[in-house]
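Visitor: Before I ask anything, let me first share the structure, which is written out below as structure tokens.
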Amino acid sequence: MDPPALTATVPAEPEDAPLLAPVTRDLSWAAIHGMSQQLVRDPHGARAIMDIRRTATIRTGTRMIKLLTPRQVSAYLFGRRPNGFCYRSSDLTDLRGADLAMLLGDTTYPGLPTEGEVFGLRWRAVHPSDYEIPFAVDDGDVRGYGWLGEISPHHRVGPPVLGTGFAPSQHHLIPEFVTTDLADLPVPAGASLVAFAPDGTEISLYLYVPEQRAWTRMFGPQHRHLVAGIPEISTEQEYVQMSVDHSGGSALIGQYAGRTYEALADPPHEYRVLARARAARYPVESVARRIRSAQWRGIVCTVVRVEGDWLRLRLCRPDRDIAAMSGAQVVERAIYEVWAPASEVGRVHDIDVAYPLTLPEAPTQDPQWTSA
């Protein structure tokens with residue numbers, strides 16, 4: 001008798017917390033969807049939709065996605081970092097074509113929303129504190145995102161911000177997230193740039209190689225047409241080097257043997273010194289996300305880039321008045337940036353957001369609710 005075959009057991013990846021809704025005779029699915037698509041003035045209704053929205057949570061290692069236009073793909077290939085509006089990948093699984101295109105943060109190029117491919121940036125969340133729910137009012141907290149809904153359609157791009165925490169959609173409940181203070185997040189290991197064909201087929205285009213600070217090509221000859229419309233990228237290009245600017249943006253730092261190093265996150269469990277030599281990739285003893293904050297004309301900003309005597313600033317709370325007063329340009333949905341003379345910018349300082357290396361799981365959900 002032959003010996004039994006030995007098979008390796010691979011631990012199952014934890015599933016994301018589903019969106020849960022207490023559907024009843026008095027609160028139908030259609031009513032919940034309607035509440036998600038407009039700001040509810042009734043306090044009881046607002047509380048109900050906020051409680052539903054909070055059931056969709058992010059944990060360390062959650063697969064995230066940000067949908068991109070070809071112009072934005074080029075920006076990420078050359079150094080832009082994840083920021084602004086994004087989604088859990090699991091919430092977009094069933095979307096195709098126009099439904100995906102409507103979630104783009106910039107709808108200013110031809111072919112949308114019914115033609116062509118949609119691109120996306122995929123990555124794993126390092127920690128839930130990097131993300132917020134874009135509620136218009138969050139328990140009376142002034143940090144709510146209602147100001148985004150007040151910006152004139154002439155001064156924004158992409159779909160409107162509803163303030164309910166859900167994306168505009170005629171048929172779906174799609175939970176939205178936004179990076180905290182609209183700041184950049186460091187690109188973790190395993191991030192990828194992908195394309196979605198109109199039928200929903202996903203093609204991996206580039207994989208991020210953190211030790212080289214570069215993107216390496218993953219697609220074959222049959223998919224070269226997908227990158228033909230990406231500015232500044234050749235279909236034959238195998239390797240795209242990111243620009244490195246340590247004076248702005250966002251970086252991951254870690255402590256090892258009493259010294260601070262630039263670190264690398266490979267969620268959900270691996271954090272190490274960022275080094276090309278394998279022997280120097282020590283596990284860090286602590287890790288934090290470092291962002292550079294500044295104030296300009298009384299406006300709180302993050303520093304995106306430094307060029308000589310000028311700073312590229314991103315507004316953390318770009319309401320209608322602030323966007324107009326600062327003269328900031330809209331880069332994509334909710335992202336407003338402006339160049340400012342360094343001599344006019346005050347209180348430039350680094351803020352370190354510490355991550356615990358042992359991270360809690362997402363809270364359990366009320367068992368009486370049903371999955372949406």
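Visitor: Do you know which of the residues in the range 1-55 that are under 24 Å from ALA125 (Cβ atoms) and outside any loop (DSSP other than H, G, I, E, B) is modelled with the lowest pLDDT?
Guide: Residue satisfying both the conditions and the ranking: ALA21.
Visitor: Right, here's the next one. I'd like the full set of residues that are under 16 Å from PRO70 (Cα atoms) and in contact with an Asp or Glu (Cβ under 8 Å, 6 or more places away or on another chain), limited to the range 225-260.
Guide: LEU226
Visitor: Here are the criteria: (1) within 24 Å of ALA214 (Cβ to Cβ); (2) in a loop (DSSP other than H, G, I, E, B); (3) among the charged types (D, E, K, R). Tell me which single one ARG292 does not satisfy.
Guide: The single condition ARG292 does not satisfy is (2).
Visitor: Let me ask another. For the range 180-220, which positions are over 19 Å from PHE85 (Cβ atoms) and in contact with a Pro (Cβ under 7 Å, 6 or more places away or on another chain)?
Guide: ALA189
Visitor: For a quick check of your reading of the model, give me the residue pairs whose first member lies in the range 254-276 and is touching a residue at least 12 places away in the same chain (Cβ under 8 Å) and closer than 18 Å to LEU185 by Cα, whose second is crowded, with 18+ Cβ neighbours inside 10 Å and acidic (Asp, Glu), with beta-carbon atoms closer than 6 Å and at least 6 apart or on different chains.
Guide: Filtered contacts from the range 254-276: no entries.
Visitor: Here's a follow-up. So GLN237 clears everything in (1) outside the structural domain of ALA136 (by TED's automatic domain parsing); (2) more than 23 Å from the chain's Cα centre (by Cα); (3) of a type in the set (S, T, N, Q) except one condition, right? Which one?
Guide: So the condition that GLN237 fails would be (1).
Visitor: Go through the range 355-372 and report how many residues are part of a loop (DSSP other than H, G, I, E, B), at pLDDT below 85 and exposed (fewer than 13 other Cβ atoms within 10 Å of the Cβ).
Guide: 8
Visitor: Still on this structure, please answer the following. Quick one: in the range 56-83, of everything that is assigned to a loop (DSSP other than H, G, I, E, B) and under 16 Å from LEU103 (Cβ atoms), which residue is modelled with the lowest pLDDT?
Guide: By that ranking, first place goes to THR69.
Visitor: Restricting to the range 315-354, name every residue that is part of a helix (DSSP H, G or I), of a type in the set (Gly, Ala, Ser) and buried (at least 19 other Cβ atoms within 10 Å of the Cβ).
Guide: Residues satisfying the conditions are ALA323, SER326.
The values are calculated or read from the model by the stated rules, or taken from the named source; none is laboratory data. For clarity, every value in this text was computed on a predicted model and none was experimentally measured. Here Cβ is always computed from backbone atoms with ideal geometry, including for glycine, and neighbour counts include all displayed protein chains.
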